[in-house]
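J.: Before we start, here is the structure in question, set down as structure tokens.
Bear in mind these aren't lab numbers, they're just calculated from the coordinates by the rules spelled out. Model, not experiment: these values are computed from the prediction. No Cβ is skipped: glycine too gets one built from the backbone with ideal geometry, and neighbour counts run over all protein chains shown.
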Amino acid sequence: MKISKVEKVKFKKDMFKISFEDSKKNLTVSADSVVKFALKTEIDISKDVYKEILFYDKSRNGISEALKLVSKRSYSVKSLQKKLIKRGYGIKNSVEVVKRLKELNYLNDEEYAKNYVTYLSEKGKGEFLIKSELEKQGIERSLISNAIEVVKANGGTYKQIIKILKTKFKNLDEKNKNEVGKAISFFTRRGFSSEDIAKAFRLCSQCCDYVDRL
């Protein structure tokens with residue numbers, strides 16, 4: 001295909017329209033693509049080069065879009081990839097963009113898992129719900145387990161149960177089996193382990209002063 005015209009797109013910074021002779025296929029690409037592929041009038045490009053230009057330009061735009069997204073909030077590798085695909089960047093392009101952002105350390109699933117586990121724990125979510133949420137976002141199970149173990153080592157999981165006991169269940173009658181059973185069911189639904197629930201209940205019933213110092 002022979003290029004018939006290369007012209008600047010009005011009102012779009014650093015974007016150019018590439019027109020071809022005897023073809024309705026036009027390209028709108030960045031200045032970077034124009035320079036990289038030496039696009040100018042009267043030169044012929046093959047279908048393979050045409051596809052290469054499309055892929056390269058989409059990838060460049062994808063990186064720009066991805067950087068905008070991660071500047072606003074944190075993403076896991078898989079969640080960002082899905083976001084880019086939904087925005088029309090295609091599977092192949094999205095994979096390449098995410099790969100590049102990982103290389104630049106804008107994406108780090110290990111750090112993401114640690115921060116997200118802490119966040120959900122502080123929101124009163126238990127271990128099993130936290131695992132489920134992170135698995136949905138494509139985080140590897142080993143990273144999830146490691147992050148949860150760090151929080152548990154600092155007493156993060158059972159401390160959250162204690163906080164809730166002292167607010168939502170501050171009038172709990174420990175001698176009333178029905179009330180205790182409902183409280184335990186509440187924490188179980190939130191994904192807390194039976195081990196953490198039992199530990200928190202024991203500490204709360206021992207000494208309020210001690211609990212306050214945790």
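J.: At what distance in nm do the modelled label points of ARG87 and ALA38 sit from each other, each positioned 7 Å from its Cα along Cα→Cβ?
T.: Once both label points are built, they end up 3.3 nm from each other.
J.: Right, next: Mean-square fluctuation check for the chain, GNM, Cα pairs under 10 Å: which of ALA66, ALA113, ALA38 is largest?
T.: Greatest mean-square fluctuation among the candidates belongs to ALA38.
J.: Normalising by the residue count of the chain, find the relative contact order in percent from Cα pairs under 8 Å and 6+ residues apart.
T.: After rounding, I find 14 percent.
J.: Right, another one. Can you give the longest stretch of the chain with no exposed loop site, where a site means trypsin sites (Lys or Arg not before Pro) in a DSSP loop (not H, G, I, E or B) with at most 16 other C-beta atoms within 10 Å?
T.: 124-165
J.: Kindly provide the GluC sites (Glu not before Pro) of region 59-146 that DSSP labels as loop, not H, G, I, E or B, and whose Cβ sees at most 16 other Cβ atoms within 10 Å.
T.: GLU140
J.: Next question. Which listed residue (ALA183, SER4, ASN61) has the Cα farthest towards the positive end of the charge dipole for the chain, taking +1 on Lys and Arg C-beta and -1 on Asp and Glu C-beta about the Cα centre?
T.: Of ALA183, SER4, ASN61, it is SER4.
J.: Could you give the spread of the C-alpha atoms of region 109-212 along their three principal axes, from largest to smallest, in whole angstroms?
T.: The Cα atoms of region 109-212 stretch 44, 26, 19 Å along the principal axes, largest first.
J.: I've got another one for you. Step by step: find N for region 9-78, compute 2.2 N^0.38 Å, then divide the Cα radius of gyration by it. What's the final number?
T.: Rg over 2.2 N^0.38 Å, computed on Cα atoms: 1.34.
J.: May I pose another question? How charged is the neighbourhood of LYS2? Take every other residue with its Cβ under 10 Å from the Cβ of LYS2, and add Lys/Arg as +1 and Asp/Glu as -1.
T.: -4
J.: Next question, about the same structure. Under 8 Å for C-alpha pairs, at least 6 residues apart: give me the relative contact order for region 109-212, rounded to a whole percent.
T.: 34
J.: Quick one: angle between helix 47-72 and the longest Cα principal axis of the chain, in degrees between 0 and 90, rounded to 10, please.
T.: Around 40 degrees separate the two axes.
J.: For a test of the definition: using alpha carbon positions, the gyration tensor, and the 1.5 limit on a/c, classify the chain as rounded, prolate or oblate.
T.: Because a/c hits 1.5 or more and a/b exceeds b/c, the chain counts as prolate.
J.: If you add up the charges near GLU42, with Lys and Arg at +1 and Asp and Glu at -1, over every other residue whose beta carbon is less than 13 angstrom from its beta carbon, what do you get?
T.: Here the charged neighbours net out to +1.
J.: Okay, moving on. Looking at this model, which pairs from LYS25/LYS51; LYS92/LYS136; LYS125/LYS168; LYS82/LYS125; LYS78/LYS102 are more than 18 angstrom apart at the alpha-carbon?
T.: LYS92/LYS136; LYS82/LYS125
J.: Right, another one. Angle between the Cα long axis of helix 194-206 and the longest principal axis of the chain, 0 to 90 degrees, nearest 10?
T.: Result, in degrees: 50.
J.: Next question, about the same structure. Put a dot 7 Å past each Cα toward the Cβ at GLU110 and SER71; how far apart are the dots in nm?
T.: Those two pseudo-labels are separated by 2.8 nm.
J.: Post the alpha-carbon centroid distance, region 86-111 to region 41-79, in whole angstrom.
T.: Result: 11 Å between the Cα centres.
J.: Note the angle between two axes, namely the Cα long axis of helix 91-103 and the longest principal axis of the Cα atoms of the chain, as a number of degrees from 0 to 90, rounded to the nearest 10.
T.: Taking the Cα atoms of the chain, the angle to 91-103 is about 70 degrees.
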